[in-house]
Amino acid sequence: MPLTHKEVEHIALLAHLQLGEQELEKYRQQLTDILDYADRLLRVDTSAISPTTTVLPLRSIQRTDDITKSLDRNDALANAPEQAKHMFRIPPVFE
Amino acid sequence: MDPLDLSLCQSVEALRDGTLCSTMLVEAYRSRAEQLNPKIHAYLGIAGEEVIRAARKADDSWAAFRRGGDHPGPLTGIPLAIKDVLCVKGYSCTCGSRILENFIPPYTATPVERLQAAGGLILGKTNTDEFAMGSSTENSAFGMTYNPWDTERVPGGSSGGSAAAVAARMAPIALGTDTGGSVRQPAAYCGVVGLKPSYGRVSRYGLIAFGSSLDCVGVLARTVEDAAFLLEIMAGHDPMDSTSMPVEVPAFRKSLRGEPDLHGIRIGIPKEYFTAGIQPDVDRLVREAIGVLQCLGAETKEISLPNTEFALPVYYIVAPAEASANLARYDGVRFGLRREGQNLRDLYDGTRGAGFGAEVKRRIMLGTYALSAGYYDAYYGQAQKVRTLIKADFENAFQFVDIIASPVTPSTAFRAGEKVDNPLAMYMEDLLTLPASLAGVPGISLPCGRDSLGLPVGLQLSGPFLGEETLLRVGWSFQQVTRWHKEAPSL
């Protein structure tokens, strides 16, 4: 079933992507095609099958809670577009 | 002796014996890389004078060794190309994306760190589809890479820069990453060896995440032995990656000695991989390659991997879903591009809208949809269940065979631009590499001939989980009696 313009707008909102009208329309068509193709998965009877959570034979990896050296604060901040007082700076959230 | 003609293993021996010096080797590769990069665009960045200074130090270490000093690390003085999705402290790491154009990682990825600790030198960072999403490198924000065999064609992807660099003798060996075929497919298109280890064999710490249940660090090399050499050094548990397997790393290279003999090896030929869509040349050359393995003593039998047709839809739900979550971190706050906005929401959405390219946005949209309320069970949930069936196909098959042989791709390298506007056609590129990725098993791509246009064809071998030893043994044996891996494009 084709996605609607409204649905694609909603996905872009959830994904935090600012998209132009042309982009939205292109993705509407392309996502519809891809999802149509993916619909063949619904033909498979999986009623008795568990989903894969990992391909590894490992479960619940734990380690002791030791204090180790971590990334230096200045290194962690070095790529920030804007920083102040050793913190990442963003526009105000509350007026 | 032209140092560019040596395999990695031969270079290591020559450095140790003093018949080659690292300065000469590094200089030869660096000038070839500089000279050919305008034509091939394999590299996004090539090391400057610092790598020559490091090479001089390496020469001192080998000289000291020959005077009776300690054996330096096995890769001392060897230049390496690294796909630009792996962090190297102090070197720009873009992931082929505008959003990370100015990002300088504060730490080094574990596999790279291990190669450096063994003496390896960073020659440069190689081009990639943006965030490793693609099958042609045409999705790189910094321009595509060109196939050294025919520069009007794509090198494959996403590790197309690494594959082209090795094929064009712009690097002796390179690291790549494989999420759904991104090492094996470009290796096939460029006529080099591409090794994707088992999921969890190599640490992913410092690999910028795309699809976390699928991402593997792999090797693009000229020979199987070279790939085994690098894997041996990189592999093994890393406390920084809880998905790295806490198991002993076999001495992979040790089993690559003596006569190439495959008696006792059972090779499965999956009928679902040889379908009508295969280019006739590819079908013929892969069957001939399987014939070579039979001549070496291997026994072959037809097998079935019945859920193969579902690998593509499963992958293109699971990988975008994981990507949409992984790429949430690019929001203009802690690193990367920032597009200023009226408020925080505006800043986030504008930054992401401007910084990501078309394919990355498409996959984020697709993944977001597949994970969204009301669609999760139908898409993501169902895909992960069908993935269980695909994994079971391999487990069943490996009860009866040791190795599975097939083509890597249905056809040889396609023309640049041919599939850019048709995402589904581009995704079909991965048809034969996706199943092993979803199952987490290792695979290798080996050059096995050239089609009527002279373009390389790849033989794919897959083995059971953590079964790299046999996989490498079979690949190495093939290369002992064939010459395809010794051919290089004329440039």
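The values are calculated or read from the model by the stated rules, or taken from the named source; none is laboratory data. Being a predicted model, the structure only gives us computed values, none of them experimental. As a convention, Cβ positions derive from the backbone with ideal geometry for all residues, glycine included, and neighbour counts pool all protein chains shown.
Data for the structure
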item: Matching residues in the stretch A:13-35 - criterion: being in a helix (DSSP H, G or I) and at the interface with chain B (Cβ under 7 Å from one of its Cβ atoms); result: A:LEU14, A:TYR27, A:GLN30, A:LEU31, A:ASP33, A:ILE34
item: Matching option when the condition is crowded, with 24+ Cβ neighbours inside 10 Å and either within 12 Å of chain A (Cβ to nearest Cβ) or out of contact with any helix residue (DSSP H, G or I) (no Cβ under 7 Å at 6 or more places or on another chain) (or both), among B:PRO423, B:PRO464, B:PRO456, B:PRO442; result: B:PRO442
item: Filtered residues of the stretch B:342-359 (kept if within 8 Å of another protein chain (Cβ to nearest Cβ), crowded, with 22+ Cβ neighbours inside 10 Å and in a helix (DSSP H, G or I)); result: B:TYR348, B:ARG352
item: Strands (runs of 3 or more DSSP E) wholly inside the stretch B:361-478 containing at least 2 residues that are within 25 Å of B:PHE131 (Cβ to Cβ); result: B:443-450, B:456-462
item: Filtered residue count, the stretch B:322-336, keeping only those that are facing chain A (nearest Cβ under 8 Å), in a loop (DSSP other than H, G, I, E, B) and either touching a Cys at 6+ places or on another chain (Cβ under 8 Å) or crowded, with 18+ Cβ neighbours inside 10 Å (or both); result: 5
item: Subset of the stretch B:12-33 (residues that are without any contact (Cβ under 8 Å) to a residue 60 or more places away in the chain and under 19 Å from B:ALA163 (Cβ atoms)); result: none
item: A:ILE90 modelled with pLDDT of 95 or more, surrounded by 10 or more Cβ atoms within 10 Å (Cβ to Cβ) and at the interface with chain B (Cβ under 10 Å from one of its Cβ atoms); result: no
item: Among (1) over 30 Å from B:ALA416 (Cα atoms); (2) within 22 Å of the chain's Cα centre (by Cα); (3) part of a helix (DSSP H, G or I), the one test that B:LEU75 misses; result: (3)
item: Sole residue being crowded, with 19+ Cβ neighbours inside 10 Å and of a type outside the set (A, V, I, L, M, F, W, C), chosen from A:ARG28, A:ARG43; result: A:ARG28
item: Single unsatisfied condition, B:GLY374 versus (1) modelled with pLDDT under 95; (2) within 9 Å of chain A (Cβ to nearest Cβ); result: (2)
item: The stretch B:414-437 residues that are touching a residue at least 60 places away in the same chain (Cβ under 8 Å), paired with ones that are surrounded by fewer than 17 Cβ atoms within 10 Å (Cβ to Cβ) (beta carbon under 7 Å, 6 or more apart); result: B:ARG415/B:GLU152; B:ALA416/B:GLU152; B:LYS419/B:ALA425
item: Single match in B:ARG415, B:ARG362, B:ARG339 (criterion: of a type outside the set (A, V, I, L, M, F, W, C) and within 8 Å of chain A (Cβ to nearest Cβ)); result: B:ARG362
item: Cβ-Cβ under 7 Å pairs, at least 6 apart or on other chains, the stretch B:39-67 side without any contact (Cβ under 8 Å) to a residue 60 or more places away in the chain, far side among the basic types (Lys, Arg); result: B:TRP62/B:ARG16
item: Test: B:THR388 is among the polar types (S, T, N, Q), touching a Leu at 6+ places or on another chain (Cβ under 6 Å) and facing chain A (nearest Cβ under 7 Å); result: no
item: Some residue of the stretch B:301-312 being of a type in the set (A, V, I, L, M), within 14 Å of another protein chain (Cβ to nearest Cβ) and under 21 Å from B:SER462 (Cα atoms); result: yes
item: Qualifying positions in the stretch B:215-239 - at pLDDT 95 or above and within 14 Å of chain A (Cβ to nearest Cβ); result: B:ASP215, B:CYS216, B:HIS237, B:ASP238
item: Residue among A:GLU95, A:GLU7 that is of a type in the set (D, E, K, R), assigned to a helix (DSSP H, G or I) and more than 7 Å from every other protein chain (Cβ to nearest Cβ); result: A:GLU7
item: Filter result for the condition that a residue is on the phi > 0 side of the Ramachandran plot and within 14 Å of another protein chain (Cβ to nearest Cβ), over B:GLY206, B:GLY264; result: B:GLY206
item: Enumeration of residues in the stretch B:213-235 that are surrounded by fewer than 24 Cβ atoms within 10 Å (Cβ to Cβ), in contact with a Lys or Arg (Cβ under 8 Å, 6 or more places away or on another chain) and not aliphatic (A, V, I, L, M); result: B:GLU225, B:GLU232
item: Which listed residue, of B:GLY264, B:GLY297, B:GLY291, is among the small types (Gly, Ala, Ser), without any contact (Cβ under 8 Å) to a residue 24 or more places away in the chain, within 20 Å of B:GLY475 (Cβ to Cβ) and surrounded by fewer than 17 Cβ atoms within 10 Å (Cβ to Cβ); result: B:GLY291
